[in-house]
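Here's the structure we're looking at; comments come further down.
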Amino acid sequence: MIKKFFAHIIYEFIWLLYAGTIFFILPLIAKSKSKGHLPKPPFILCVTHVGNFDPLFVVRTSGQYRAKALYQVDGPYPLVRFLYKAIWRFRVTQDPQIKQALNKKTIRDTISHLKNGGTVMIFPEGYWNWEKKLYPGVAVIAHRANVPIVPVGIENGYVFKPELDAEPPLKAVRRVIRDYRKCGTVTIHYGDALYPDVSQKEEADVQQIMKAIEKVFSEYYSEFYNMKGPKWIE
């Protein structure tokens with residue numbers, strides 16, 4: 001009980017630093033604006049993943065400072081994992097030794113958070129966008145929680161390069177800040193909400209949701225970066 005209390009205090013302190021960074025410091029790195037409208041919570045923000053600061057710009061423009069997120073940190077960075085857990089709460093992994101148990105628990109916890117009125121960011125391309133694949137977790141969660149999905153496109157963002165993925169975190173942050181300053185204004189596009197059809201079986205509903213996400217993401221990538229979007233592989 002005492003351990004949980006102190007953990008909560010530490011997490012809240014880290015969240016305050018995170019919120020303050022988004023509100024006061026992020027605009028000094030790059031300005032941002034939004035287009036589109038959001039429904040009332042609960043909902044899922046289904047975000048294209050082009051660069052490191054994507055969730056920060058989404059939080060700032062949406063005003064959802066308490067939004068949680070599904071995150072993946074499988075590298076040798078325990079401090080990064082701790083900070084991400086404090087801020088975003090919901091870890092997923094590709095580690096085969098813990099993947100099945102951890103990811104199932106994360107899905108259950110995320111659904112519970114949404115049913116309690118929360119908001120969650122999910123990046124259905126996984127770790128980064130260069131795989132050009134879409135993963136169905138976002139649709140599974142939306143169906144089971146019966147909440148809408150808002151497709152989110154990031155225009156004029158910094159596009160991360162896969163060859164730089166092995167950079168130490170602090171060096172990567174410095175480089176990314178320099179590159180974002182060259183971008184100008186980052187525009188966050190909030191698309192029309194996609195609603196699950198809980199009258200259908202889960203598998204059929206997931207299929208139709210993922211096809212809709214694929215279509216919207218393809219439009220985002222084509223318009224904003226002249227790139228092909230990720231594909232939903234059934």
Practice task
Show the residue pairs that are 6+ apart or on different chains and have beta-carbon atoms under 6 Å apart, the first residue being within the range 84-99 and on the phi > 0 side of the Ramachandran plot, the second being basic (Lys, Arg) and surrounded by 13 or more Cβ atoms within 10 Å (Cβ to Cβ).
Solution key: 89/68
Exercise for the section: Determine whether the range 199-218 contains at least one residue that is part of a helix (DSSP H, G or I), of a type in the set (Asp, Glu), touching a helix residue (DSSP H, G or I) at 6+ places or on another chain (Cβ under 8 Å) and over 28 Å from residue 74 (Cβ atoms). Expected result: yes
Problem - Within the range 180-198, tally of residues that are without any contact (Cβ under 8 Å) to a residue 60 or more places away in the chain and either assigned to a helix (DSSP H, G or I) or more than 26 Å from residue 137 (Cβ to Cβ) (or both) - result: 1
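If you go through the range 118-167, how many residues are farther than 21 Å from residue 183 by Cβ and part of a strand (DSSP E or B)?
Qualifying residue count for the region: 8.
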Fill in the blank from the handout: Exactly one of 167, 202 is of a type in the set (D, E, K, R) and modelled with pLDDT of 85 or more, and that one is 202
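Tell me the strands (runs of 3 or more DSSP E) entirely within the range 1-112 that contain at least 2 residues that are surrounded by 14 or more Cβ atoms within 10 Å (Cβ to Cβ) and among the basic types (Lys, Arg).
Details: elements: 32-35, 43-47, 68-72, 89-92.
Passing ranges, in order: 89-92.
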Handout entry: Residues that are under 19 Å from residue 172 (Cα atoms) and touching a Gly at 6+ places or on another chain (Cβ under 6 Å), drawn from the range 21-54
Key = 50, 51
Handout entry: Any pair with Cβ under 6 angstrom, 6 or more apart, that starts in the range 1-26 at a residue that is more than 20 Å from residue 57 (Cα to Cα) and ends at one that is surrounded by 10 or more Cβ atoms within 10 Å (Cβ to Cβ)
Key = 11/86
Practice task
Within the range 94-109, track down each residue that is under 19 Å from residue 78 (Cα atoms) and either over 17 Å from the mean Cα position of the chain (by Cα) or at pLDDT 90 or above (or both).
Solution key: 95, 96, 97, 98, 99, 102, 103, 106
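Please work out which residue is surrounded by the most Cβ atoms within 10 Å (Cβ to Cβ), limiting yourself to the range 126-178 and to residues that are more than 26 Å from residue 208 (Cα to Cα) and touching a Gly at 6+ places or on another chain (Cβ under 8 Å).
Within the range 126-178, the match that is surrounded by the most Cβ atoms within 10 Å (Cβ to Cβ) is 157.
The values are calculated or read from the model by the stated rules, or taken from the named source; none is laboratory data. In this text, all values refer to a predicted model and were calculated from it rather than measured experimentally. So basically every Cβ, Gly included, is an ideal-geometry build from the backbone, and we count neighbours across all protein chains shown.
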